[in-house]
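Just so it is clear, none of the values below were taken in a lab; they were calculated from the coordinates. Small disclaimer: the values here were computed from a predicted structure and weren't measured. So basically every Cβ, Gly included, is an ideal-geometry build from the backbone, and we count neighbours across all protein chains shown.
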Amino acid sequence: MPYSIKDTILYVENLSVAYDGKVIIKDINFTEKDIHREDVVTGQVIAILGRSGRGKSTLFKALTGLVKPTSGQVLIRDIKNSTETDIKAKMVEEGDVGFVDQKYTLFRNKTILQALKFALRTSNLSEAEKQSKIETYIKEWGLEKVKNQYPNELSGGQRQRTAVIEQIFSSGNYMIMDEPFSGLDVGNVEDVKRSIHKIGEDHTLNTVIFSTHDIELAVSLADSIYVIGYPTINGKLENYGTIVGHFDLKAMHIAWQKFGASHLQLVEQIKTLMLNS
Ligand SMILES: Nc1ncnc2c1ncn2[C@@H]1O[C@H](COP(=O)(O)OP(=O)(O)O)[C@@H](O)[C@H]1O
Ligand SMILES: [Mg+2]
């Protein structure tokens, strides 16, 4: 499928994060660019694969500005000061990008309607426009029946979808989802896949970055996959996370296609890589 590569969305350079002097992730470098295909809203879907404890959540905290890097930097598009022909970059700060954490944290004392209203509080829309935007999203995301309920009265899937809409309303750039597939019923997997595609069509730069340890899911959904694991240096397995593999499914000509033999082959390749890192 033909596509063209446009401007940089995310630039991560020599990123390291340590907690209390213990290095958790180190020397992380990657660049993601905007992809255009004719006649489709192409959402970039980027998966971060890695075994438990390899630093996926820590990387995400750095990509959202929640944690300051010990060294290196995370640059994103400076949406306010960029034009179509003149893209400017800035260091990521808390609030710049969307983040749906592993627990889909919501306000305990706000119903869905109240929470979404709160998420739009700084928007320039009129009250009527806000109301209609909220109603549209509630319908599209299947939350009509539960819109007056509180988080403890919602299913995991409903809480996650509410958290996603909040972030669509209040953030820009890319959307990060930490383990969006874990902790949900099996039946919810298809819903979450749909959500990821919907965010790709809707959010500012049409880019979703999610983490998982499910290799098949990553290969079937993403057009770019990074594997984070412990590197082996001079024959010794280190105990900090770094990118041990990158697979560009677009360049491999298997992005945006039905899962087939080439996908399965990639799954096996990544499995071996993860087992060794
Ligand atoms: N706030 C923290 N303080 C100290 N260590 C942490 C903190 N958060 C995570 N870690 C440690 O960092 C490592 C990577 O954790 P994490 O980023 O959550 O990995 P993953 O999401 O891949 O499972 C683990 O060893 C974890 O114990
Ligand atoms: Mg994690």
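Need one word for the range 77-133: rounded, prolate or oblate. Basis is the Cα gyration tensor (sqrt eigenvalues a ≥ b ≥ c); a/c below 1.5 gives rounded, then a/b vs b/c decides.
Note, shape of the range 77-133 comes out oblate.
Please give every one of the lysines within straight-line cross-link reach of LYS236, meaning a C-alpha to C-alpha distance under 19 Å, and leave out same-chain neighbours fewer than 8 residues apart.
Counting by Cα, and skipping residues close in sequence, LYS236 has these lysines nearby: LYS22, LYS26.
Which one, TYR150, ILE196, MET252, is farthest towards the positive end of the dipole of the range 149-277 when Lys and Arg carry +1 and Asp and Glu -1 on their Cβ?
Selected residue: MET252.
Ranking TYR19, TYR11 by Cβ neighbours within 10 Å, fewest first, what do you get?
Least to most surrounded, the residues fall as TYR19, TYR11.
If you put +1 on each Lys and Arg Cβ and -1 on each Asp and Glu Cβ, how big is the dipole of the range 159-277 around its Cα centre, in Debye rounded to 20?
Charge dipole of the range 159-277: 120 debye, to the nearest 20.
Binning at 5 angstrom from zero up to the longest distance, how are the C-alpha pair distances of the chain distributed in percent?
Bin by bin from 0 Å, the calculated values are 1, 5, 12, 16, 18, 17, 14, 9, 5, 2, 0, 0, 0.
In which sequence would ASP223, ASP78 go, from the one with the fewest C-beta neighbours within 10 Å to the one with the most?
The fewest-first ordering by Cβ neighbours comes to ASP78, ASP223.
Suppose each label sits 7 Å from its Cα in the direction of the beta carbon; what would the ASN29-LYS117 distance come out to in nanometres?
5.1
Picking from GLY55, VAL97, ILE79, whose Cα lies most toward the positive end of the charge dipole for the range 55-112 (charges on Cβ: Lys, Arg +1; Asp, Glu -1)?
Looking along the dipole axis, the top candidate is GLY55.
In bins 10 Å wide, starting from 0, what share of all Cα pairs of the range 174-277 does each bin hold, as a percent?
13, 41, 35, 9, 1
In debye, nearest 20: dipole of the range 6-87 around its Cα centre with unit charges on the Cβ of K, R (+) and D, E (-)?
Charge dipole of the range 6-87: 600 debye, to the nearest 20.
When a/c reaches 1.5 or more, the comparison of a/b and b/c decides; with that in mind, is the range 182-229 rounded, prolate or oblate per its Cα gyration tensor?
Cα axes put the range 182-229 in the oblate bin.
Could you tell me the relative contact order of the chain? Use alpha-carbon pairs under 8 Å, at least six residues apart, and round to a whole percent.
Over the chain, the number comes to 24 percent.
What fraction, in whole percent, of alpha-carbon pairs in the range 64-170 exceed 25 Å separation?
Beyond 25 Å sits 34 percent of the P(r) for the range 64-170.
Looking only at the range 137-160, which residues have a backbone nitrogen under 19 Å from a spot 7 Å from the Cα of LYS193 in the C-beta direction?
What the label zone holds, given the 19 Å backbone N cut-off, is 141-142, 157-158.
Using a 10 Å cut-off around each Cβ, can you sort SER170, SER224, SER155 from fewest to most neighbouring Cβ atoms?
SER155, SER170, SER224
For the range 14-117, what does the alpha-carbon gyration tensor say about shape, rounded, prolate or oblate, given a ≥ b ≥ c as the root eigenvalues, a/c under 1.5 as rounded, and a/b over b/c as prolate?
oblate
Can you tell me the dipole magnitude for the chain around its Cα centre, using point charges on the Cβ only (Lys, Arg +1; Asp, Glu -1), in Debye to the nearest 20?
With only Lys, Arg, Asp and Glu charged at Cβ, the dipole is about 580 debye.
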